[in-house]
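> Right, I'll just put the structure down here and ask away after.
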Amino acid sequence: MRYISQVVKIFRLLAAPFVALTLVLTASGAPARAEETDAQLATDWQNAWNFYKFYQCVTSPLPWTGRGTQTRDIAIDITAPAARVFSVYSDFRNHLGLGGFLRRVAIHSDTTAADGVRTVNSTAIEDVPTLDGLPPLSIKTHAQQRLHASELYFETDSWTLPNVVTHQKIVFTDLGGGVTRVSEHLVFEANLLLIDYTAANGVASHQATQAGLKNAIESGAL
């Protein structure tokens, strides 16, 4: 098993640049088209959600299915009341222009259940860096976010081509003295050849957004 694991790691390292290049060439080789409307993105979201629910039922991200997972935990302290930090942080539209890859957010639905849990379905348009010297890859990330405002945490499941899944749980803890700790638990699922790339870029994006939100909240910009 250890030998197989080492072979997989070596193969992944050698193949990753070619996989990334293939993704870029595939995207850039597609005919140019106008930016999708919110209605078109909503249809894309529903199709992605249906596929995600079906796929999760029939398989799991284990090595012999050709998929793997990586888990990361990151945190940041923000000098502001927890309720305010939660309100600003949980609205993905506030993440625009804060140093991550996010370019646009389309909200498809926003509902609150009888138990107070708010569910937001959305699509994010991100410009993700690829290989040096090549243009960024514009991708759509379809997400469902469940907000527990009374308990100061929210969860998000998101799906991106080519079948990249991210699970998030973000908790807001009042440390006292007007300081809030934001703790993000991130689980990435992807093809074995893409999992390292997915996790590295996902963590970098979240850390950039964390820093941007900290500055915006503490300065009063948000």
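The values are calculated or read from the model by the stated rules, or taken from the named source; none is laboratory data. If you're wondering where the values come from, they're calculated on a predicted model, not measured in any experiment. Heads up, the Cβs are rebuilt from the backbone with ideal geometry, glycines too, and the neighbour counts pull from every protein chain shown. The accessibility values were calculated without ligands, DNA or RNA, using every heavy atom of the protein model including side chains. Shrake-Rupley method; radii C 1.70, N 1.55, O 1.52, S 1.80 Å.
> Looking only at segment 163-215, filter to residues that are hydroxyl-bearing (Ser, Thr, Tyr) and crowded, with 19+ Cβ neighbours inside 10 Å; which one of those is nearest to Ala83 (Cα to Cα)?
Here the answer is Thr180.
> Now for a different question. Residues being within 13 Å of the chain's Cα centre (by Cα) and in contact (Cβ under 8 Å) with a residue 40 or more places away in the chain: count how many of those fall in segment 164-196.
Number of matching residues: 9.
> Shifting gears a bit: Can you run down the residue pairs with Cβ atoms below 8 Å, 6 or more apart or on separate chains, where the first is in segment 74-86 and in a helix (DSSP H, G or I) and the partner is surrounded by fewer than 18 Cβ atoms within 10 Å (Cβ to Cβ) and of a type in the set (Val, Ile, Thr)?
Ala82/Thr173
> From Ala48, Ala75, grab the single residue that is modelled with pLDDT of 75 or more, open to solvent by less than 50 Å² (accessible area, probe 1.4 Å) and closer than 27 Å to Gln145 by Cα.
After ruling out the rest, the residue left standing is Ala48.
> Taking segment 129-157 as the region of interest, how many residues are farther than 16 Å from Leu194 by Cβ, outside any strand (DSSP E or B), touching a residue at least 12 places away in the same chain (Cβ under 8 Å) and not hydroxyl-bearing (Ser, Thr, Tyr)?
Result for segment 129-157: 5.
> When you scan segment 103-123, how many residues do you find that are under 15 Å from the mean Cα position of the chain (by Cα) and open to solvent by 40 Å² or more (accessible area, probe 1.4 Å)?
Total meeting the criteria: 2.
> Would you confirm, using the coordinates I've provided, whether Glu126 is acidic (Asp, Glu), open to solvent by 40 Å² or more (accessible area, probe 1.4 Å) and either at pLDDT below 95 or closer than 27 Å to Glu218 by Cα (or both)?
Here the answer is no, as Glu126 does not meet what is asked.
> Scan segment 138-162 for residues that are of a type in the set (Phe, Trp, Tyr) and either at pLDDT below 95 or surrounded by fewer than 15 Cβ atoms within 10 Å (Cβ to Cβ) (or both) and report the count.
1
> Taking the condition of a type in the set (Ser, Thr, Tyr), open to solvent by 30 Å² or more (accessible area, probe 1.4 Å) and modelled with pLDDT under 95, does Ser60 pass?
Answer is yes for this residue.
> Assuming Glu36 fulfils every condition listed in (1) surrounded by 12 or more Cβ atoms within 10 Å (Cβ to Cβ); (2) of a type in the set (Asp, Glu); (3) at pLDDT 90 or above apart from one, which condition is it?
Going through (1) surrounded by 12 or more Cβ atoms within 10 Å (Cβ to Cβ); (2) of a type in the set (Asp, Glu); (3) at pLDDT 90 or above one by one, Glu36 breaks only (3).
> Identify all residues within segment 185-217 that are in a strand (DSSP E or B) and under 17 Å from Arg67 (Cα atoms); write none if there are none.
Correct list: Leu186, Val187, Phe188, Glu189, Ala190, Asn191.
> In this structure, does Ala82 turn out to be of a type in the set (A, V, I, L, M, F, W, C), more than 14 Å from the chain's Cα centre (by Cα) and over 20 Å from His206 (Cβ atoms)?
no
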